[in-house]
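Worksheet: the structure to be examined is printed underneath.
The values are calculated or read from the model by the stated rules, or taken from the named source; none is laboratory data. Predicted, not measured: the structure shown is a model, and the values here were computed from it. Reconstructed Cβ throughout: ideal geometry from the backbone, glycine too, with neighbour counts over all protein chains shown. For the accessible areas, the whole protein counts, side chains as well, though only heavy atoms, and no ligand, DNA or RNA atoms are used. Shrake-Rupley method; radii C 1.70, N 1.55, O 1.52, S 1.80 Å.
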Amino acid sequence: MPELELLDVNKKKVGTVSASPAVFDVEVKEHLVQQYVVYQLAARRSGSAATKRNKGELHGSGKKPWKQKGTGRARAGNSRSPVWRGGMTVFGPTPRDYSFKMSKKTKQLALKSILTDGVKSDKFHVVDKLSIDNPKTSEVVQLLKSLGSPRKTLFLLSERNHNLELGVRNLQGVDVLLVDGLNVYDLAVHDKIFCTPQALKKIEERLA
């Protein structure tokens, strides 16, 4: 069973916490992590690009512009032809859904993989307490300095922390995430991840 260091807000070791090997010591499956990230980003795509691809979507008369023969001009059936200005588009895009499905088991394996990698790469840390007295950006900046963390930091919490959530809003790259919303993309894009012992236990309960 892996033992993780328990740190205080000054990044000093104050003890250890046991982590479940079923969650934090598994075989890292990078292809599942990559698939999960694509899955999340695909779900965010609006897929709203569209063009008018048939005559019914366009305004205009269906009347033949001029007679078929005798004018010296090319034959024309209506003013909404693709070769006319303002006409329909040939093979243009239509609204589509980019999302795809992943099984629950695959998602869990991806999460376990990135959590395991975070522990092994010294990216994932457990802090005894993550809170600030006032909802101020300056206090979050001080907390980051105390933890020796870069700006791309993720705080994982087991329950809502109003002050911390408000304090990080003006800091680009710093986010607060509840364990209920745990996902591979947020774990991957941040350089450091800090969680409380309560959040650690809740992660294990969710993924065990």
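Summary of computed values
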{"read-out": "Residues with amide H under 5 Å from that of residue 7, placed H, sequence gap 5 or more", "value": "14, 126, 127, 128"}
{"read-out": "Degrees between helix 197-207 axis and first principal axis of the chain (Cα, 0 to 90, nearest 10)", "value": "50"}
{"read-out": "Pairwise centroid distance, computed over Cα atoms, of the stretch 1-76 with the stretch 89-111, Å", "value": "7"}
{"read-out": "Normalised contact order of the stretch 100-208, rounded percent, pairs of Cα under 8 Å and 6 or more residues apart", "value": "34"}
{"read-out": "DSSP-assigned coil residues among GluC sites (Glu not before Pro) in the stretch 5-48, each with at most 16 further Cβ atoms within 10 Å", "value": "27"}
{"read-out": "Cα long-axis angle, helix 104-120 against the chain (0 to 90 degrees, to the nearest 10)", "value": "50"}
{"read-out": "Under the Karplus curve 6.51 cos²θ - 1.76 cosθ + 1.60, θ = phi - 60°, whole-Hz ³J(HN,Hα) for the stretch 81-95, x wherever Gly or Pro sits", "value": "5, x, 7, 9, 4, x, x, 6, 9, 8, 6, x, x, 10, x"}
{"read-out": "Percentage relative contact order, the chain, counting C-alpha pairs under 8 Å, at least six apart", "value": "25"}
{"read-out": "With every protein chain in place, the stretch 61-208: carbon and sulfur % of accessible area (1.4 Å)", "value": "47"}
{"read-out": "Size of charge dipole - the stretch 12-167 - debye, nearest 20, with Cβ of Lys, Arg +1 and Asp, Glu -1, no other charges", "value": "1800"}
{"read-out": "Largest-first principal axis extents of the Cα set of the stretch 31-121 (Å)", "value": "81, 20, 15"}
{"read-out": "Packing-based order for 125-133, 79-87, using average beta carbon neighbours within 10 Å, highest first", "value": "125-133, 79-87"}
{"read-out": "Pair residue 66, residue 50: separation of 7 Å Cα→Cβ label points (nm)", "value": "3.6"}
{"read-out": "Where trypsin sites (Lys or Arg not before Pro) fall in DSSP loop in the stretch 1-32, at most 11 other Cβ within 10 Å", "value": "12"}
{"read-out": "Fraction of beta bridges assigned by DSSP in the chain that are antiparallel (%, nearest 5)", "value": "25"}
{"read-out": "Estimated [θ] at 222 nm from DSSP helical runs (n ≥ 4, -39500 (n - 2.57)) normalised by residues in the chain, nearest 500", "value": "-10000 deg cm²/dmol"}
{"read-out": "For the chain, Kirkwood radius (reciprocal of mean inverse C-alpha pair distance, Å)", "value": "20.9"}
{"read-out": "Residue-normalised accessible area of the chain, expressed per residue, 1.4 Å probe, Å²", "value": "60"}
{"read-out": "Contour minus Cα-Cα distance for residue 183 and residue 34 (0.36 nm per residue)", "value": "52.4 nm"}
{"read-out": "Nonlocal amide H pairs with residue 178, under 5 Å, H built at 1.01 Å", "value": "157"}
{"read-out": "Extension reserve of the residue 134-residue 170 stretch, reckoned as 0.36 nm per residue once the Cα distance is removed", "value": "11.5 nm"}
